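Take a look at the structure set out below.
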């Protein structure tokens with residue numbers, strides 16, 4: 001008996017909106033907003049690259065970015081919860097390879113932040129054993 005694992009698509013723009021829209025839900029934990037940002041911005045290699053301070057700007061309020069320590073803590077909590085991969089940083093959020101596939105780009109695209117071929121960090125489901 002095989003276990004079914006249905007596949008569904010998601011709209012990245014919706015996840016990105018959830019990450020950035022602090023006013024609509026000010027009580028949403030920052031780590032969920034970080035994970036939403038990863039899901040909203042990842043490329044097909046599973047990586048979402050950001051400029052220095054960009055995540056703080058997105059997650060902050062207009063004119064008041066989050067502190068670096070708040071961003072770091074949110075990333076740490078999102079990792080602990082399993083919503084983003086352990087190699088995620090404030091410059092590159094990585095979606096869990098066992099849970100997410102697809103996006104713009106090529107699955108073996110080199111990550112600009114990690115500097116290694118993405119295939120060594122993010123194994124698409126169809127190749128996972």
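Structure summary
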{"read-out": "Length-normalised contact order for the range 12-127 - Cα pairs under 8 Å, 6+ apart - percent", "value": "28"}
{"read-out": "For the range 69-119: rounded, prolate or oblate by the Cα gyration tensor [a/c cutoff 1.5]", "value": "oblate"}
{"read-out": "Burial ranking of peptide ranges 60-69, 95-104, 28-37 (average Cβ count within 10 Å, highest at the top)", "value": "28-37, 95-104, 60-69"}
{"read-out": "Residue-averaged [θ]222 nm for the chain, counting only DSSP H segments that reach four residues, each worth -39500 (n - 2.57)", "value": "-9000 deg cm²/dmol"}
{"read-out": "Kirkwood hydrodynamic radius over Cα pairs of the range 12-127, then Stokes diffusion coefficient at 4 °C and 1.567 mPa s, in µm²/s", "value": "93"}
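Values quoted throughout were computed directly from the atomic coordinates according to the rules given, and no laboratory measurement underlies them. Because the structure is predicted, anything quoted here is derived from the model rather than measured. Backbone-built Cβ (ideal geometry, glycine too); neighbour counts: all protein chains shown.
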